[in-house]
Each structure stands twice: as C-alpha cells, then as structure tokens.
Amino acid sequence: MNIEERINHLRKLITYHSKRYYENDAPEISDFEYDKMFEELKVLEASHPEFYSEASPTQRVGGMALDKFEKVRHEVKMASLTDVFDFEALRAFIRKVKEEVGEDTEFSVEPKIDGLSVSLKYENGILKVGATRGDGTTGEDVSANIKTIKSIPLELNESASITVRGEVYMPHKSFERLNKEKERNGENLWANPRNAAAGSLRCLDSKETAKRGLDIFVFNFQAGEIGDDIKTHKDTIEKISSLGFKVIPLLYVGSDEEKIIEAVEKLGKDREALDYDIDGTVIKVNSLEKRKELGEGTSTPKWAVAYKFPPEQKKTKLLDIVIQVGRTGVLTPNAVLEPVRLAGTSVSRATLHNIDIIKEKDIRIGDYVIVQKAGDIIPEVVGSVKEDREGNEEPYQMPDKCPSCGGGLIYDDADDFVDDGEDFTLGALRCTNPSCPAQLERNITHFASKKAMNIEGVGGKLVKALLDNGLIHDASDLYYLDTKEIASLERMGEKSASNFAKSIEASKKMGLARVIYALGIRHIGEVASAELASKFSSIDALFEATEEEIKQIGDFGDVMARSVVEFFSKDTTKYIVERLKNAGVDTSLEIKEVSNEFEGLTFVLTGTLENMTRDEAAEMIKARGGKVSSSVSSKTSYVLAGEAAGSKLTKAQALGVKIIDKEEFLNMCK
C-alpha cells in the first residue's frame with residue numbers, strides 16, 4: 001500500500017469509526033486505537049500536502065481564528081414557522097389545509113430542536129459552505145466551525161450537489177461539561193444549551209468550537225439534485241439519511257388528526273428523557289406537490305406550523321428562602337430548592353420577587369412548590385402545592401436589617417416607581433447604606449456586564465474574589481489592575497489575565513451611553529442612558545445638568561431627573577468618573593449622521609431577534625430619527641417582536657398596535 005492509498009484508507013476508517021461512536025453510540029475500537037489512527041493520518045498529511053482533501057477528518061479540529069464572518073446569501077429562503085400554542089389552533093391548521101388540498105392530505109410530525117438553524121451546501125459530494133440562518137435570506141459563513149461537528153459529513157456517500165437545512169444543538173452532557181469548566185474558571189455560566197450552542201457556533205476560533213461537543217439534526221432538503229422519485233417529505237428524509245446525514249426522527253406520518261395530536265402529546269411527555277432540548281413539535285404537509293399548491297405567506301410557509309410546548313413545570317421542595325441584595329439596595333427573596341432539571345439545566349434557586357408575592361401565593365419554607373422558567377431562562381416559583389403540606393411548613397418574614405451590612409431598611413414608595421428594568425419590585429425593601437458590600441459587588445458586576453462595559457470574564461465570582469483580596473474598591477479600579485494580580489487569584493492564570501487585559505482595553509471604546517448605563521444610576525436603564533448621552537454629549541455636561549433640562553427628554557419625569565442630578569452631585573461619582581477618564585475610557589458621544597425616515601415614530605422592542613441584538617436594532621431606529629420606548633401604549637407606532645416575545649406583544653395586540661418582525665423591520669430600514 002503506497003502513501004496515498006494509506007492516507008485514503010485511514011480517512012475511510014476514521015470516518016467509519018467516528019460515525020459508530022458519535023451517531024450510533026456503538027464504538028468498535030478503543031479511544032486509544034482511534035487516536036493512534038488519527039495521529040498517523042495527521043503526520044502523513046503534513047508530510048504529503050499533495051494529497052490534501054477538504055473532506056479529510058483532520059479538517060474537523062479547527063484552523064486559524066477569523067476576524068469576522070463573511071455574509072452568505074441563501075439559495076432558498078430559510079423561512080421561520082407560524083407558532084401555535086394549543087391543540088385547538090393546531091386542529092384548525094390541519095382542517096384548513098385539508099379543505100384546500102384534500103381530506104387525504106398526510107402530515108409529518110417531528111421534534112422542534114431548540115438550537116441554531118443552519119444550511120449545509122455540498123458540491124459533488126464535498127461540504128463547501130455551512131451558514132447560519134441569519135434573517136432567512138442572508139446568514140454568516142461558519143464553515144470552519146461547522147466542520148468541527150463530527151456528525152456532519154465532510155463528504156457524502158454519493159457525489160451529489162445539494163443544500164440541506166438542519167438544527168445545531170448542544171447535548172445536555174456537553175452543556176453540563178462546559179458549564180462545570182466555566183464554574184471552575186470563575187466565569188459566567190451559559191443560561192441554557194441553546195445559548196451555548198449559538199455562542200459556540202459563532203466562535204471566531206474554530207478550535208474553540210471543536211471543544212464544545214455540538215451536534216446536529218438535518219430536517220429539510222433545500223435545493224439541488226435529489227432524484228425524480230422523491231415525492232414526499234418522508235422520502236427526502238430517507239434520501240438524505242442515505243447520503244450520510246443524521247436526520248430528524250419522524251414521529252408520525254399520516255392524515256389522522258387524532259394520531260397527530262397523540263404524537264405531539266407523547267413527545268411533550270417524553271422530552272425530559274432526551275439528551276437535547278426541544279421546545280415543541282413541527283407539523284408539516286408531507287406531499288411536496290401539495291406544499292407548492294398551498295404556497296408561502298409573507299414570512300412563513302402555509303404548509304407547516306410549530307406547536308410550542310408551554311413552559312416546563314416541575315415539583316420540588318422549598319428548602320429555604322434567602323435574601324439577595326441588588327446593586328440598588330433592593331432585597332429580593334430567593335427560593336433555595338432541592339435541585340430539579342428544568343428546561344435543560346439543573347435548577348436549585350428561583351426568584352420569589354418580594355414579600356407581597358410570597359404572601360399572595362402563600363409560599364412557606366418546607367413547602368413543595370411548582371417551578372418553571374420564564375422564557376425558558378429565569379427560574380421562578382409558580383406557587384405552592386398546599387395538598388402536600390405536613391403541618392411543619394413555616395411562613396416567611398422579611399428581615400428588619402440588611403443581611404449584608406446590618407444597615408436600616410425602607411420600603412420603596414409605589415408612587416415613586418419607575419421601571420428601569422433592574423432590581424425594582426413593587427413593595428420592595430431597600431437597604432439605605434450606600435457602602436453596603438453586597439451593593440458594591442453587584443454594582444461592579446453590573447458595570448462589567450455585557451450590556452454595560454462588556455468586560456468579558458468579569459462576573460460575580462471574580463468580582464467577589466477581587467473585593468475579598470482588597471484588589472478593588474469600586475468599578476474604576478478594574479482599569480488599574482495589574483495582570484499579575486489577576487493571574488495570582490484562585491482558578492485564574494496567565495491566559496485569563498491576558499484575556500482580562502484585552503477586554504479591559506476594548507471596553508474603553510464603548511462610548512458615553514454604555515458608561516452612563518454602567519454607572520448604575522437608579523431608575524436609569526439602557527434606553528434612558530442612551531437618551532441622556534444623546535442630549536448631553538459628554539459626561540462632563542451631565543455634572544452640570546439641571547432637573548429641568550433633563551425633564552425635557554421625552555420619557556423623563558421628576559423621579560428620573562432627580563435621580564440623575566443626585567447621582568452626579570455625589571463626590572464618589574466625581575471620583576470614579578475622573579479615574580475612568582484618566583484610564584482612557586471614552587466618555588463622549590460619537591456624533592453620527594441621522595436620517596429622518598423614522599421621525600415621529602416610536603418603536604418598542606420585545607423578544608429575541610435572530611442574529612441581531614435589541615441594542616443594534618435600537619441604534620438603527622435612532623439613526624433614522626425614531627424613538628425607542630420601553631413600554632407599549634396607544635402612542636406606540638410599531639412593536640418589533642422576536643422569539644419568546646412576552647407581555648409587550650400581548651399588550652400591543654390588545655391595543656391594535658402594528659407588530660413587525662425582523663424581516664419587515666430591515667425592509668423599512670432600506
């Protein structure tokens with residue numbers, strides 16, 4: 001066997017054993033034997049570059065880091081689906097389709113994987129481009145990262161030129177391993193597997209993606225050569241499976257309405273046993289010809305819907321209630337729970353909001369309680385299970401002193417309420433001590449957070465360690481830390497210290513609006529911070545601003561204006577701002593050219609926008625002369641709604657406010 005033959009033989013062997021291990025969960029050789037073959041192949045390829053192949057399994061380990069992702073225009077639009085939330089709506093969809101294209105119409109039922117949608121383009125059987133969905137028309141080229149996912153074939157079993165669509169996800173075991181590693185390093189944990197998968201697939205360094213343990217289910221044929229005998233969705237799934245893809249399981253294919261409902265119900269009951277997250281089921285017309293007949297709506301196909309599961313709820317025991325002191329001094333009671341797996345993560349803490357809610361729901365220490373995740377992210381206690389009480393459960397009373405500093409407490413006045421999106425809860429107790437250690441820790445953590453100064457790696461654990469070691473005393477000290485001091489901390493090191501230094505340097509260019517928000521002024525959230533920056537243009541001007549000048553800003557009233565003036569009148573504020581400026585932090589507003597096509601229009605943003613942050617959308621609105629508000633009213637012009645939109649969407653529907661999605665918004669911005 002010559003060198004070329006040996007290389008090709010090793011490639012086939014490694015691909016075969018990789019499939020047995022990662023897809024079939026039935027390995028035939030030991031890890032040692034596999035690693036030995038892989039190492040031999042790497043050495044042979046390095047010695048003989050003339051035999052290079054982009055389909056070689058060695059291409060999965062990741063290559064050079066990128067500065068950015070290139071844009072990719074999809075051959076076929078990657079549409080989203082219409083959501084239905086109850087069986088009545090699902091039955092209505094089935095019956096409407098049957099009325100239009102025949103009572104014998106078959107439907108397929110499959111899991112709706114909670115991950116990140118991608119397209120995979122192959123030419124002559126070789127993977128050429130892997131791209132994110134983006135806005136459905138244009139995505140990002142993440143080919144280098146896609147190739148690190150071992151269940152994605154680099155070369156098909158046939159020399160076909162096709163494009164398929166799939167959902168990249170993070171299995172529970174990979175998610176748990178990743179978060180344990182983050183915890184050891186003192187880093188912020190991923191909220192759920194979907195966020196972890198999205199973040200991992202968009203790493204600029206594909207070697208990092210290769211470590212994350214991502215996987216995929218392919219669920220649709222998009223374009224290309226697939227054969228004249230393919231008539232149904234089921235046919236396409238069977239065909240692309242034969243080409244080497246890991247495909248979505250079809251739970252039912254048929255026309256019986258009751259069996260469709262049964263399949264959906266069964267998946268809902270069984271989903272906890274899966275090693276991946278699903279947030280619903282997808283019901284599609286099986287016939288490809290009937291799909292064409294039904295056609296497409298403006299943004300969704302008329303031949304498919306997604307049935308969304310209600311938030312997953314679990315029963316567990318309430319072991320204790322502990323107080324968390326927020327950055328503005330608010331005391332928030334939190335439930336300590338017997339750990340329970342919920343929406344992809346183990347939950348042992350949940351918010352109880354305030355004492356009024358605890359009393360209203362009659363929640364007692366020792367109760368069995370029902371827990372769910374709001375928007376599948378924030379754990380909350382829904383209520384107690386009173387019929388399970390044994391008589392030894394204890395009603396809870398709020399403390400009369402701050403548990404962090406022993407300082408005095410006051411109740412917030414409901415008339416003084418301003419929803420700044422932070423710690424405020426109606427009827428909340430607040431610590432009056434401005435030097436409260438817990439407030440200081442939360443303030444600095446907020447200052448470094450993603451939406452503020454975005455100092456990566458600086459979470460609650462690192463801030464606590466820095467405070468405990470006397471290395472910082474306020475947020476400005478972060479800019480004067482020595483990397484040796486960072487490296488000396490437990491679970492840190494030279495690499496972490498180097499990353500910290502780079503992130504600190506990058507944060508200096510965040511701009512005035514971010515600085516104002518990072519300072520943590522009571523009642524002043526992201527939107528208000530941006531409006532202050534726009535009005536006053538520099539941090540120095542804010543020190544001179546009067547309440548009357550501030551109240552000239554649209555949504556600013558007496559309470560917000562007074563809070564800003566009081567904050568900038570403090571000596572501690574002057575000290576911190578001066579140190580930030582001396583450290584090179586940009587505290588001025590970059591003047592951008594503003595067009596006027598949105599002049600007089602007010603937008604409210606809600607939900608998650610794919611491939612775009614709400615901050616970016618807000619900037620686009622303001623750059624066109626529009627206004628962004630945090631609440632929906634009859635004066636709202638548009639509500640820009642993404643995935644998992646909540647009460648703001650409901651209110652907009654009730655008021656008859658026009659609701660737009662990201663695609664419509666981008667068209668308005670052209």
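The values are calculated or read from the model by the stated rules, or taken from the named source; none is laboratory data. None of the values given here were measured: they were computed from a predicted structure. In this analysis, Cβ positions are derived from the backbone assuming ideal geometry, glycine residues included, and neighbour counts consider all displayed protein chains.
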Next item on the list: Kindly state which helices (runs of 4 or more DSSP H) lie completely within the stretch 202-271 and contain at least 1 residues that are closer than 28 Å to Thr148 by Cβ and either modelled with pLDDT under 95 or assigned by TED's automatic domain parsing to the domain that holds Lys147 (or both).
Entry: 206-210, 233-242
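To keep it simple, each residue is scored yes or no on (1) assigned by TED's automatic domain parsing to the domain that holds Ala528; (2) surrounded by fewer than 17 Cβ atoms within 10 Å (Cβ to Cβ); (3) modelled with pLDDT of 85 or more.
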site	(1), (2), (3)
Arg614	no, no, no
Ser631	no, yes, no
Leu640	no, no, yes
Leu655	no, yes, yes
Lys658	no, yes, yes
Item checked: Scan of the stretch 477-495 for residues that are over 31 Å from the mean Cα position of the chain (by Cα) and modelled with pLDDT under 90, ordered by number -> Asp482, Lys484, Glu485, Ser488
Item checked: Near pairs, Cβ below 9 angstrom, 6+ apart or cross-chain, from the stretch 124-138 (free of Cβ contacts under 8 Å to residues at least 24 places away in the same chain and farther than 18 Å from Glu296 by Cα) to any residue that is among the aromatic types (Phe, Trp, Tyr) and buried (at least 22 other Cβ atoms within 10 Å of the Cβ) -> Lys128/Tyr122
Margin query: So the check is Cβ under 9 Å with 6+ separation or different chains; which pairs have a first residue in the stretch 304-322 that's outside any strand (DSSP E or B) and a second one that's of a type in the set (S, T, N, Q)?
Written below: Phe309/Thr281; Pro310/Gln372; Pro311/Gln372; Glu312/Gln372
Notebook entry, point to check: What number goes with the only condition from (1) under 30 Å from the mean Cα position of the chain (by Cα); (2) surrounded by 20 or more Cβ atoms within 10 Å (Cβ to Cβ) that Arg177 does not pass?
Noted result: (2)
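Give the residue, chosen from Val109, Val168, that is assigned to a strand (DSSP E or B), of a type in the set (Val, Ile, Thr), surrounded by 17 or more Cβ atoms within 10 Å (Cβ to Cβ) and without any contact (Cβ under 8 Å) to a residue 60 or more places away in the chain.
Details: Val109 fails: without any contact (Cβ under 8 Å) to a residue 60 or more places away in the chain.
Among Val109, Val168, only Val168 is assigned to a strand (DSSP E or B), of a type in the set (Val, Ile, Thr), surrounded by 17 or more Cβ atoms within 10 Å (Cβ to Cβ) and without any contact (Cβ under 8 Å) to a residue 60 or more places away in the chain.
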Note to self: Can you tell me which of (1) outside any helix (DSSP H, G or I); (2) within 25 Å of the chain's Cα centre (by Cα); (3) not aliphatic (A, V, I, L, M) is the one Lys284 doesn't meet?
What the structure shows: (2)
Checklist line | Evaluation of Glu257 against (1) surrounded by 18 or more Cβ atoms within 10 Å (Cβ to Cβ); (2) in contact (Cβ under 8 Å) with a residue 40 or more places away in the chain (one fails), failing number | finding: (1)
Item checked: Total residues in the stretch 302-348, condition among the small types (Gly, Ala, Ser) and under 29 Å from Met398 (Cα atoms) -> 5
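Going by the structure shown, is Glu293 without any contact (Cβ under 8 Å) to a residue 60 or more places away in the chain and either loosely packed, with under 14 Cβ neighbours inside 10 Å or over 23 Å from the mean Cα position of the chain (by Cα) (or both)? Break it down stepwise before answering.
Working: without any contact (Cβ under 8 Å) to a residue 60 or more places away in the chain: no; either loosely packed, with under 14 Cβ neighbours inside 10 Å or over 23 Å from the mean Cα position of the chain (by Cα) (or both): yes.
No; evaluated as a whole, the condition is false for this residue.
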Next item on the list: Among the residues of the stretch 129-162, write down those that are assigned to a strand (DSSP E or B), at pLDDT 90 or above and closer than 21 Å to Ala198 by Cα.
Entry: Val129, Gly130, Ala131, Thr132, Asp141
Check: So which residues in the stretch 106-128 are at positive phi and modelled with pLDDT of 95 or more, if there are any at all?
Finding: none
Note to self: Looking at Arg95, Arg73, can you tell me which residue is among the basic types (Lys, Arg), loosely packed, with under 15 Cβ neighbours inside 10 Å, at pLDDT 85 or above and in contact with a helix residue (DSSP H, G or I) (Cβ under 9 Å, 6 or more places away or on another chain)?
What the structure shows: Arg95
Note to self: For the stretch 137-154, give me each residue that is among the hydroxyl-bearing types (Ser, Thr, Tyr) and surrounded by fewer than 23 Cβ atoms within 10 Å (Cβ to Cβ).
What the structure shows: Thr137, Thr138, Ser143, Ser151
Next item on the list: Only one of these is small (Gly, Ala, Ser) and touching a strand residue (DSSP E or B) at 6+ places or on another chain (Cβ under 8 Å): Gly213, Gly280. Name it.
Entry: Gly280
Check: Would the stretch 151-161 turn up any residue that is assigned by TED's automatic domain parsing to the domain that holds Leu201, out of contact with any Cys (no Cβ under 8 Å at 6 or more places or on another chain) and closer than 30 Å to Asn667 by Cα?
Finding: no
Checklist line | Filtered residues of the stretch 179-201 (kept if farther than 22 Å from Lys373 by Cβ and either assigned to a loop (DSSP other than H, G, I, E, B) or not assigned by TED's automatic domain parsing to the domain that holds Ala144 (or both)) | finding: Asn185, Gly186
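Of the residues Ser563, Ser595, which is modelled with pLDDT under 90, of a type in the set (Ser, Thr, Tyr) and outside the structural domain of Lys662 (by TED's automatic domain parsing)? Even if it seems obvious, please write down each step before you answer.
Values: Ser563 fails: modelled with pLDDT under 90.
Residue meeting the stated conditions: Ser595.
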Checklist line | Index of the failed condition, Thr332 passing every other in (1) touching a Leu at 6+ places or on another chain (Cβ under 7 Å); (2) in a strand (DSSP E or B); (3) buried (at least 17 other Cβ atoms within 10 Å of the Cβ); (4) at pLDDT 85 or above | finding: (1)
